[in-house]
Amino acid sequence: WSGTKAKPFATHEAARNAIRQLKKTKGADKPVTVYLRGGNHFLSKPFVLKPQDSGTEDCPVTYAAYEDETPVVSGGAPICGWEPATLNGQKVWATDVPEVKRGKWYFAQLFVDGERRHRTRTPKDGFLQIAELPDMTAETHWGAGQNRFRCNPGEFEQWHNLTDVEVCALHLWAESRLPVAAYDEETGIVDLQKTSHFRLTQDHAGVGSLYYIENVREALSKAGEWYLERDTGRLYYKPLRGESPESVEVIAPRLAQVVRLEGTATRPVSNIRFEGITFSHTEWWLPEDMSVMSQAAVAVPAAVQLDRRLHGLPCGHVRHRVHRRVQPQLRLPLRADGPGGGGREDGPWQRLHDGCRLRDTPRRRDIPQRGGRVDRAEQRQPGGPQ
């Protein structure tokens, strides 16, 4: 395939490599545009651009939507094979995901027709509160974490696949995600697989933190909820009114990143534009030994990550539909859509993100309004200081 309209390249990498070859043979004497046709472009790995993929100020490299089409660069994969089933006395859809059963894939996000659906949660609204921290004393520093707590009566049960259940504790300024190890019904003690990064208190006064619980099979009861059973690979979803397996597109994420620009201090990536493209369907995972990041989730890979990028032409008109459930990742001021989007902020990185939009379905307080990251970015002005 030659990269023409009649014979387009099959992958983004093929187009990128063709541009590299073009530069070697003819030089970067003209602007280059790669057009993406409409529809989902499912990636098997992140699309990586390096210094040799840069354009120049006069001859930028642009990745753009073709005409009025809507390309979606997706870090996910379609979920098919739904059949009617019953769970908890509820009529639901169910399908088998063999790779989950084999331990090759697991996900905590699910999207139906481009909208996020939520894992089962209890309570449905509001929060529970930790009754006691048996390992905390008056001298326990706020930075000392815990790996167990006592719950109030009736808040915990011996749920199915208990070690896949996740406690989401809202303490101090952080949200720790703590998989359950065990629950003692007699003492009310909940043992956790991880230790919280900070003390599990609401503030420095020592009051037990608020929390909610996710991924409980017995809690699937509300339309729009889903549950993934790890040991069997069985996925359950309670559809919204009007949805049918034939009429909706269900996608689960495979990748944590879809685009990565990898530059260095001496060789930054520069003068690359993205126009009219949606980046979507990404997963996120904390490092194995961590339950939360102390600040801004700095160790969590961003869906769109710019590393040592020279701020030349803007990444204009990029629609970031970055799906995460952790603290905001994108170090760029953005114009975000939807409640709680924060409006638009102007700053020294303005040209980098001009025209970008971030979209999500902010139904709960644990959904972010940002979702990318810029590492070690530098602002360079022509003829001025770095």
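Just so it is clear, none of the values below were taken in a lab; they were calculated from the coordinates. Just so you know, these numbers come straight off a predicted model, no measurement behind them. Every residue, glycine among them, receives a Cβ derived from its backbone with ideal geometry; neighbour counts consider all protein chains shown.
Which of rounded, prolate, oblate describes region 28-77, given a ≥ b ≥ c as roots of the alpha-carbon gyration tensor eigenvalues and a/c under 1.5 marking rounded, otherwise prolate only if a/b is larger than b/c?
Judged from the Cα gyration tensor, region 28-77 comes out oblate (a/c at least 1.5, b/c at or above a/b).
If packing is taken as the mean number of other Cβ atoms within 10 Å per residue, what is the order of 176-185, 292-301, highest first?
In decreasing order of mean packing, 176-185, 292-301 become 176-185, 292-301.
Any idea what the relative contact order of region 15-80 is, in percent, if you count C-alpha pairs under 8 Å spaced at least 6 apart?
Here the relative contact order equals 43 percent.
Quick check: from the Cα gyration tensor, does region 97-165 come out rounded (a/c under 1.5), prolate or oblate?
prolate
Based on the Cα coordinates of region 79-225, what is the per residue volume of their convex hull in Å³?
Enclosed volume per residue, from the Cα hull, is 131 Å³.
Sort 225-233, 83-91 by the packing proxy (mean of other Cβ within 10 Å over each peptide's residues), most packed first.
Per-residue mean Cβ counts within 10 Å order the peptides as 225-233, 83-91.
Between ASN147 and SER294, 0.36 nm times their residue separation minus their Cα-Cα distance comes to what?
51.3 nm
Which chymotrypsin sites (Phe, Trp or Tyr not before Pro) does region 1-80 hold that lie in a coil by DSSP with at most 14 other beta carbons within 10 Å?
TRP1
Please tell me the relative contact order of region 201-292 in percent, rounded to the nearest whole number, where contacts are Cα pairs under 8 Å and at least six residues apart.
That works out to 17 percent.
So, with +1 on the Cβ of K and R and -1 on the Cβ of D and E, and no other charges, what is the size of the charge dipole of region 129-235 about its Cα centre, to the nearest 20 debye?
Taking the Cα centre of region 129-235 as origin, the dipole is about 300 debye.
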